[in-house]
1. Anything in segment 73-83 that is more than 16 Å from Gly25 (Cβ to Cβ) and either charged (D, E, K, R) or under 15 Å from the mean Cα position of the chain (by Cα) (or both)? List them, or say none.
2. Based on what the data block shows, is Ile100 surrounded by fewer than 20 Cβ atoms within 10 Å (Cβ to Cβ), part of a helix (DSSP H, G or I), at pLDDT 90 or above and within 15 Å of the chain's Cα centre (by Cα)?
3. Tell me which residues, restricted to segment 110-126, are outside any helix (DSSP H, G or I) and surrounded by fewer than 16 Cβ atoms within 10 Å (Cβ to Cβ).
4. Being assigned to a helix (DSSP H, G or I), within 22 Å of Ile100 (Cβ to Cβ) and modelled with pLDDT of 90 or more: is that true of Ile35 here?
5. On the given criteria, is Ala20 closer than 19 Å to Thr128 by Cβ, modelled with pLDDT under 90 and out of contact with any helix residue (DSSP H, G or I) (no Cβ under 9 Å at 6 or more places or on another chain)?
6. Within segment 63-97, track down each residue that is assigned to a helix (DSSP H, G or I), farther than 24 Å from Val38 by Cβ and without any contact (Cβ under 8 Å) to a residue 40 or more places away in the chain.
7. Scan segment 22-35 and report the pairs whose first residue is without any contact (Cβ under 8 Å) to a residue 40 or more places away in the chain and under 19 Å from Phe116 (Cα atoms) and whose second residue is of a type in the set (Gly, Ala, Ser) and surrounded by 14 or more Cβ atoms within 10 Å (Cβ to Cβ), with Cβ atoms within less than 6 Å and a gap of 6+ or a chain change.
Amino acid sequence: MPSARTLSDRLRRLAPEAIAFGIIGAGNTLLYMAITYVLLPIGAVKASVVGTVITTTLAYVANRYWTYRHHTKTALRREYTLFFGFNLIGMVIQSGAIAIGKYGFGLTEEHDKIAFLGVTLFGIVIATVFRFWAYRTFVFLKPPVDGHETVIAELDATAGLAELSAVDRELDPR
């Protein structure tokens, strides 16, 4: 079990990232909700997918150049592919919540717009926690400590993920 000092140090280092991530997330959530609301006539799930694709690209740029600006920069293709992949999982979480509302609880786009937004917000909260963890762990690598991260950045995404997992276990064997 980590000591209180270690935990407070970790939280102090994590706070700026979490705040920046939260600001970007809040802005993108508002944009996402607006896009979803406007596009509800094409169907709630389709509107959710369109909103997610647009806000994913904006979120990548903002997170890369603000939230994680001090982290090791790896190949754009690697980062964006992983970022988009984790956002697809987040979209499945969000759209899944909407689908449960629509097909499980019988909500309709015509009569239950506010309920759809509530269900969407619930999905966003769960997906946000997942995304924050995934970005920190796999997409935006921690700043170099011993130069080893540069070698990892040059590997393909799968090999890089496996190598990072092994390094993390060596550094933090819980």
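The values are calculated or read from the model by the stated rules, or taken from the named source; none is laboratory data. If you're wondering where the values come from, they're calculated on a predicted model, not measured in any experiment. Every residue, glycine as well, gets a Cβ built from its backbone with ideal geometry; the counts of neighbours run over all protein chains shown.
1. Result: Lys73, Arg77, Arg78, Glu79, Tyr80, Thr81, Leu82.
2. no
3. Correct list: Glu110, His111.
4. Here the answer is yes, as Ile35 does meet what is asked.
5. no
6. Tyr65, Leu76, Arg77, Tyr80, Gly85
7. Between residues of segment 22-35 that are without any contact (Cβ under 8 Å) to a residue 40 or more places away in the chain and under 19 Å from Phe116 (Cα atoms) and residues that are of a type in the set (Gly, Ala, Ser) and surrounded by 14 or more Cβ atoms within 10 Å (Cβ to Cβ), the close pairs are Asn28/Ala59; Ile35/Gly51.
Per-residue answers, yes or no, for (1) farther than 30 Å from Gly106 by Cβ; (2) touching a strand residue (DSSP E or B) at 6+ places or on another chain (Cβ under 8 Å):
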{"position": "Arg10", "(1), (2)": "yes, no"}
{"position": "Ala15", "(1), (2)": "yes, no"}
{"position": "Leu30", "(1), (2)": "no, no"}
{"position": "Thr36", "(1), (2)": "no, no"}
{"position": "Thr72", "(1), (2)": "yes, yes"}
{"position": "Arg77", "(1), (2)": "yes, no"}
{"position": "Leu82", "(1), (2)": "yes, no"}
